[in-house]
Every structure is written in C-alpha cells, then in structure tokens.
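See structure below.
Values in this text are rule-based calculations from the coordinates and carry no lab data. Given the structure is predicted, the values throughout are model-derived calculations rather than measurements. Neighbour counts are summed over all protein chains in view; Cβ atoms, including those assigned to glycine, are modelled from backbone coordinates with ideal geometry.
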Amino acid sequence: MKKLRIGQIAPLNLPIPPKKYGGAERIIDALCRGLSKRGHKIFLFAAADAKTGGKIIPIMPKSLWTNEIRETTPYYSYEMNIILQKSPRLKLDILHDHLGAFSLALYGGLNIPILHTLHVPTNKNRAWVYRKLNSKLVSISNNQRKDAPRLNYVATI
C-alpha cells in the first residue's frame, strides 16, 4: 500500500485530544494516531496545544476555548489562509477536513483532493454548497444522510 501524505484539518476550539468534551476532536486524534502507525505521514492543522500522531502545523499557540475566546470566525479564516499557504509545500496527497462550512473556502484554491467528515447535521444551506462543489463527504451514520440524501457520500463511519 502506498504511504500517503495526509493533511488533517482540525477545529481550533479544543485541544487534540480533548480533555473532556469533544467528539470530533477524539476522532481526529484516533485518525492521526492510527494512520501514523500505518506509516502514513500526517500533518495536523490545529492549535499548538495538540498532542497526537503526526506533525502539528500550528495555527495559534492554544485552542480557542482554552483562551476563553468565543468569537471564532476570524481564527478559522486565518486557519484557511495557513492551509492554502502551506498545503502545496507539504506535497499532500489528500486533505481530510473536520470543520464543515469553514473549509469550503479551500475549493478552487488547492489542487489537492479534499474529503469532508460531517460531524454535525447537514442543513439545507450546507447541502446546497456541498452539492454545488461536488464535495466528497463522509457521514458518521446512515441516519445523518436522511436530510440530504443526494449528496456525494463516499463512506459512512
């Protein structure tokens, strides 16, 4: 099996792995550790307080909620900018997104396949954009697909 260079895009709210709450963050940690153990090169775009398998590409020194920052949009815009700048230099084979709507800005800016895991329900606005961009989506349950059954789902985990 070919060893891949995989970029993982993490939310900035909580550390990876989280100390208590944080379902998506736990999944990201498990993916980073598991894929690293299988010999893939992992690059995690996250706050610098992340501690997981692979290389951390720090967006900021500490996760947002650790700093009690509640207005998160500017920080996610900055994260997208860093991903656009650094991904080509990292020679990634694929980007695996765990943010949802924020990362849709990456389409058209990178020549790298992007896979989106949907950690939250899909509303009609998100579904419209995912459909327009022909996004490759991973649902976390078959039930999650019911609100938007015609999207480009590639797997359910």
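Can you list which of the GluC sites (Glu not before Pro) found in the range 41-85 are DSSP loop residues with at most 11 other C-beta atoms within 10 Å?
Working: sites: GLU68, GLU71, GLU79; in loops: GLU68, GLU71.
Taking the range 41-85 and a limit of 11 other Cβ atoms within 10 Å, the loop GluC sites (Glu not before Pro) found are GLU68, GLU71.
Its relative contact order, with pairs defined as Cα atoms under 8 Å and 6+ residues apart, puts the chain at 19 percent. Working note: Karplus 6.51/-1.76/1.60 with θ = phi - 60° gives the range 124-136 the couplings 5, 5, 5, 4, 4, 5, 4, 5, 4, 8, 6, 4, 8 Hz, where Gly and Pro are set to x.
Each residue of the range 48-55 was assigned a 3J(HN,Hα) from its phi angle through the Karplus curve 6.51 cos²θ - 1.76 cosθ + 1.60 (θ = phi - 60°); the sequence is 5, 7, 6, 9, 8, x, x, 8 Hz, with glycine and proline shown as x.
Contact order, relative form, for the range 1-90: 28 percent (alpha carbon pairs under 8 Å, 6 or more residues apart, mean separation divided by residue count). Under a 5 Å amide H cut-off, with hydrogens placed 1.01 Å from N, ILE56 pairs with LEU44 among residues at least 5 apart or on other chains. In straight-distance terms, cross-link reach from LYS62 covers every one of the lysines whose alpha-carbon lies under 24 Å from its own, apart from those fewer than eight places away in the same chain; here that gives LYS19, LYS20, LYS41, LYS51, LYS86.
Fewest to most neighbouring Cβ within 10 Å: what's the order for LYS2, LYS86, LYS136, LYS19?
On the way: LYS2 6, LYS86 14, LYS136 17, LYS19 9.
Listed from fewest to most nearby Cβ atoms, that is LYS2, LYS19, LYS86, LYS136.
The relative contact order of the range 52-144 comes to 22 percent, based on Cα pairs under 8 Å that sit 6 or more residues apart. Taking amide H as placed 1.01 Å from N in the peptide plane, the amide H of ALA48 sits under 5 Å from that of ILE59, MET60, LYS62, each at least 5 places away or on another chain. Scaled to the globular estimate 2.2 N^0.38 Å, the Cα spread of the range 5-156, given as radius of gyration, is 0.99.
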